[in-house]
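The values are calculated or read from the model by the stated rules, or taken from the named source; none is laboratory data. Given the structure is predicted, the values throughout are model-derived calculations rather than measurements. Backbone-built Cβ (ideal geometry, glycine too); neighbour counts: all protein chains shown.
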Amino acid sequence: MDRSEVAEKLKTYIKTELLNNPDYALGDDEPLISGGLLNSFALAQIGVFVEEEFDVYIPDDELSV
Amino acid sequence: MVNEQTLAQAKDYTTIVQPIIERARTDPQRVSLVILQGDGSRTTVTAAELHAGSVAYALALQAYGIHQGDHVVLVMGHDLPLFYSFLGPMYIGAVPSIFPYPTPNLDLTLYFERVQQLVTHYGVRAVITEPRYLDQLASLLAGTGCQVISTDSIDATPQPEYAETGLLAEIDEHDLAFIQHTSGTTGVPKGVGLSHRAVLNHVFACAAFLHLDPEEDVCVSWLPLYHDMGLTGTILMVFATGTLSVTMSPFTWVRRPKLLFEAINEFRGSLSWMPNFAYNLSAKAVRDSDLEGMDLSCWRYLLNGSEPLLHTSHEAFIKRFGPYGFPNESLNSGYGLAENLVAVTLCPLYERAPEDTVVKSVLQEGEHAVPADETTPAEDTTTLVSSGVPIPNCEVRIVDEQGNDQPDRAIGEIIIRSDTLFEGYYERPDLTAEVFDEDGWFYTGDLGYFVEGHLYVIGREKDLIIVGGKNIYPHELEIIADSMRTLKPGRSVAFGVDDTAMGTEQIVMVCEVTDPEAVDALPEIERELRRRVTQALGVTIGDVRLVNDRWVIKTPSGKFARNDNRRKYFAEFAAE
């Protein structure tokens, strides 16, 4: 899986599951939390999604706002 | 049945700090507080240290010229100095209040302006803050007569003589203990002033109801202390009864929701409280690997409070954590408000909060909650979760607009009378007079109904949106939209919609744009609005709809008809 594929999967998850708006034109470097798109509750959910989807482990202190 | 012995203990004291002073003498080495830090370390505080640190803060305030009755505002994060800064002023009869700590995205200039408003409006005498905010606050508050004190200027190291120190002022039980500032992030917040008597009555009533046993129970909480439920569950009720309080900052918890479960498992936590959204978040964002080997069977009471209770959230929680021993009967609930310190009703012990499935269309008419039966189409049913039964010494009635008591299942306003109610809105006798009747009944503005002694709450204060436990008023959002050139002034409407997947409400804003032709500009307008709302209010908008002329519905008097706008929004957009 290359970088753009990972980005695409992540964006799809964010748009459908967290924004409830699949049509949102989400930019690659759009600030999600400081841009007022997602609240901080979404962070832990993204963490779990990334771990499950890409089979990686994110240490706790790597997750920060 | 309440524990009468615990209930009677309220009369042993005249201030809420006396039990803390007493415990420091009788059981100095008892661990009173454990703060779980974001970096994995922990701060453990004994009864003697808690007292000594509070005395140090009290003496420092005296040295700064703070006297009995002076209002002291606390602007700092969830750590040990906040505990001392809250308790210390009460030793000298000064009146603390905890200002909400800024969320990471909040615009600090706006935030400090709010502190300044509060200070000048109420004549606050001192602000205690963290070293990093000292300079900014000091220059902003120069000339107001309010001192700005940094926590690092106060040495909280226990001194031997502190052990013998008691109250440093003559404090009457009817004097104000502290002020809770009700939410409402713009304008000057209402201050709810509570007396020592009310606080003592309340915490022992709750402890008696919950059969709190300081030898067995451990309370675990991630709630902020400026929140009534956090303050009571992390400081007031636990320290008054000598129960161990295990706590963590909400910022630490939200990044790692598993920390609550780890704390319950390690400390054998038995009581905890959180708003509804946290049930969904926990179910989604705690990994299997985090839970491996955990035993949550010690968790005997989990109170769901401070935002609408969703039965789907209870289902998600028990499905996720039941396999690790979380007891079904520990899915409890409560209803409360800062004006009564916190609780009004609580779910009885060892009883999962009952649910009531009613006919939705009838409920929406706002008069009756009619039980659904087998003839009711599934899409016309809705299930409510009970908020429990009144706590000891608190009367609760449901009344119609004329003040007449309503029978079971008839919807009306929730009114309460108790020995734990507030003294009034701080320096606002006009507002106070509006909410009390001549017999001492407090009109909550919330709607609900009773079924067999259980209270079901169907709507909080008019138009209020509760997002992740935080109260937001629509006009606060609309003002922000009105400040944007690209949106038509007075033509943006905000309202809340239920989001069962997240277990909370979402903010929806529908805004008319100034230039309907500039379609390309729409994404940037939406981004700008979202950014401004987050910076000003620390919340996120769930859905933004930018529309053309004449979408927004107003009443003939120019007010927003929020329900009509919500219906129109669903009709036009929700089917997408």
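Some notes on this structure:
- Filter result for A:V6 (within 7 Å of chain B (Cβ to nearest Cβ), in a helix (DSSP H, G or I) and within 11 Å of the chain's Cα centre (by Cα)): no
- Per-region count, the stretch B:88-110, residues within 20 Å of B:G191 (Cα to Cα) and within 19 Å of the chain's Cα centre (by Cα): 7
- Which listed residue is over 23 Å from B:H311 (Cβ atoms) and in contact with a helix residue (DSSP H, G or I) (Cβ under 6 Å, 6 or more places away or on another chain), from B:R485, B:R491, B:R527, B:R532: B:R532
- Restricting attention to the stretch B:327-342, the residues that are surrounded by fewer than 16 Cβ atoms within 10 Å (Cβ to Cβ) and not charged (D, E, K, R) add up to 1.
- Candidate set from the stretch B:503-513 (those that are among the aliphatic types (A, V, I, L, M) and within 12 Å of chain A (Cβ to nearest Cβ)); member that is surrounded by the fewest Cβ atoms within 10 Å (Cβ to Cβ): B:I507
- Flag if B:H202 is closer than 24 Å to B:I20 by Cα and surrounded by 17 or more Cβ atoms within 10 Å (Cβ to Cβ): yes
- B:T151 satisfies every condition listed in (1) within 22 Å of B:I235 (Cβ to Cβ); (2) among the β-branched types (V, I, T); (3) crowded, with 17+ Cβ neighbours inside 10 Å; (4) out of contact with any Asp or Glu (no Cβ under 8 Å at 6 or more places or on another chain) except (4).
- Matching residues, the stretch B:514-540, being without any contact (Cβ under 8 Å) to a residue 40 or more places away in the chain and more than 8 Å from chain A (Cβ to nearest Cβ): B:T514, B:D515, B:P516, B:E517, B:A518, B:V519, B:D520, B:A521, B:L522, B:E524, B:E526
- All strands (runs of 3 or more DSSP E) inside the stretch B:416-477 with 3 or more residues being farther than 28 Å from B:H71 by Cα: B:442-451, B:454-459, B:465-467
- Within the stretch B:9-113, helices (runs of 4 or more DSSP H) holding 1 or more residues that are closer than 30 Å to A:L43 by Cβ and assigned by TED's automatic domain parsing to the domain that holds B:D175: B:80-91
- Comparison of A:E53, A:E62 shows that the only residue that is within 12 Å of another protein chain (Cβ to nearest Cβ), among the charged types (D, E, K, R) and without any contact (Cβ under 8 Å) to a residue 60 or more places away in the chain is A:E62.
Here's the yes/no breakdown for (1) assigned to a loop (DSSP other than H, G, I, E, B); (2) out of contact with any strand residue (DSSP E or B) (no Cβ under 7 Å at 6 or more places or on another chain); (3) more than 9 Å from every other protein chain (Cβ to nearest Cβ); (4) not hydroxyl-bearing (S, T, Y):
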position	(1), (2), (3), (4)
A:L10	no, yes, yes, yes
A:Y13	no, yes, yes, no
A:E17	no, yes, no, yes
A:D28	yes, yes, yes, yes
A:G36	yes, no, no, yes
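- Scope the stretch B:185-207; condition over 27 Å from B:S270 (Cβ atoms) and either modelled with pLDDT of 95 or more or touching a Phe, Trp or Tyr at 6+ places or on another chain (Cβ under 6 Å) (or both); matching residues: B:K190, B:G191, B:V192, B:G193, B:S195, B:H196, B:R197
- The stretch B:343-357, residues that are crowded, with 24+ Cβ neighbours inside 10 Å and polar (S, T, N, Q): B:T345
- Residues that are under 21 Å from B:Q535 (Cβ atoms) and surrounded by 14 or more Cβ atoms within 10 Å (Cβ to Cβ), drawn from the stretch A:15-29: A:L18, A:L19, A:Y24, A:L26
- Listed conditions (1) out of contact with any strand residue (DSSP E or B) (no Cβ under 7 Å at 6 or more places or on another chain); (2) assigned to a loop (DSSP other than H, G, I, E, B); (3) assigned by TED's automatic domain parsing to the domain that holds B:V370 are all met by B:M502, apart from (3).
- Hits in the stretch B:541-565 - residues which are within 13 Å of chain A (Cβ to nearest Cβ) and surrounded by fewer than 17 Cβ atoms within 10 Å (Cβ to Cβ): B:R545
- If the condition is being at pLDDT 95 or above and not in a loop (DSSP other than H, G, I, E, B), then the stretch B:341-367 contributes B:A343, B:V344, B:T345, B:L346, B:E355, B:D356, B:T357, B:V358, B:V359.
- Among residues of the stretch B:102-118 that are over 18 Å from B:H227 (Cβ atoms) and within 14 Å of another protein chain (Cβ to nearest Cβ), those with a beta-carbon under 9 Å from a residue that is assigned to a helix (DSSP H, G or I) and of a type in the set (D, E, K, R) at least six positions away or on a different chain give the pairs B:N105/B:R531; B:D107/B:R532.
- Matching entry among B:V539, B:V497 (being in a loop (DSSP other than H, G, I, E, B), outside the structural domain of B:T109 (by TED's automatic domain parsing) and under 27 Å from the mean Cα position of the chain (by Cα)): B:V539
- Filter result (at pLDDT 95 or above, of a type in the set (A, V, I, L, M) and either farther than 15 Å from B:T234 by Cβ or surrounded by fewer than 18 Cβ atoms within 10 Å (Cβ to Cβ) (or both)) within the stretch B:1-54: B:L7, B:A8, B:A10, B:V17, B:I21, B:A24, B:V31, B:A47, B:A48, B:A52
- Residue in the stretch B:394-453 that is surrounded by the fewest Cβ atoms within 10 Å (Cβ to Cβ), counting only those that are hydroxyl-bearing (S, T, Y) and in contact (Cβ under 8 Å) with a residue 24 or more places away in the chain: B:Y443
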